[in-house]
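Values quoted throughout were computed directly from the atomic coordinates according to the rules given, and no laboratory measurement underlies them. Everything quoted here is computed from the prediction, not taken from an experiment. Cβ placement follows ideal geometry from the backbone for every residue including glycine, while neighbour counts extend to all protein chains displayed.
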Amino acid sequence: MRTKLEFCAFRHELGLTIEELASRLGVTGRTVMRWENTDDEEHYKPTNAAWAMIDELKRLQELSCAEAINRVHQIEHELGKKPTSVQISYFTSQADYEEHHRPKDGGTWRTANANARLTAQVLRAQGYSVKYVAAVDGAVYKYLHE
């Protein structure tokens, strides 16, 4: 059985605020807070639609992470050795995200940063040196603007 605590943890893993998730689901922030209130496990449980959205967003996050990791492995194969370090863009605000994230996808800086942290964690576990860089200094942004 899925719990309120698990729902809350997944929301945090996804980098979503209560209000962002509420907006996506068409409910109030108060509703999401009730879903996450572990003092009352019997009432106000997350709806099936809420769980479905969390599950889909987790699937997309895992796909994004896998794509980034596969790209690092591809670069390693091309170089014939591990890169000295892997740079991952990190955003400081929604405005920073909207200006520098490529491709333009209508996403949020918090979600992008959650994906970056997950990717960095996996890469470090695989023995890579990971460095966060400002998005404007990221390889993708620089490449697209040269």
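Across the chain, counting alpha-carbon atoms alone, Rg and Dmax equal 17.6, 56 Å.
For the stretch 59-66, 3J(HN,Hα) computed residue by residue from phi via the Karplus equation (6.51, -1.76, 1.60; θ = phi - 60°) reads 4, 5, 5, 5, 5, 4, 4, 4 Hz, glycine and proline entered as x. Look at the dipole of the stretch 4-144 built from charges on Cβ: of Gln61, Ser23, Pro103, the Cα furthest out on the positive end belongs to Pro103.
For the pair Arg102 and Glu19, a Förster radius of 30 Å applied to the C-beta separation gives a FRET efficiency near 0.70, rounded to the nearest 0.05. Here's how it looks for Gln87: its modeled amide H is under 5 Å from those of Lys131, which are all 5 or more places away or on a different chain. When Trp35, Trp109, Trp51 are sorted by how many other C-beta atoms sit within 10 angstrom of their C-beta, beginning with the fewest, the order is Trp51, Trp109, Trp35. Taking the Cα centre of the chain as reference, the dipole from Cβ charges on Lys and Arg (+1) and Asp and Glu (-1) amounts to some 300 debye.
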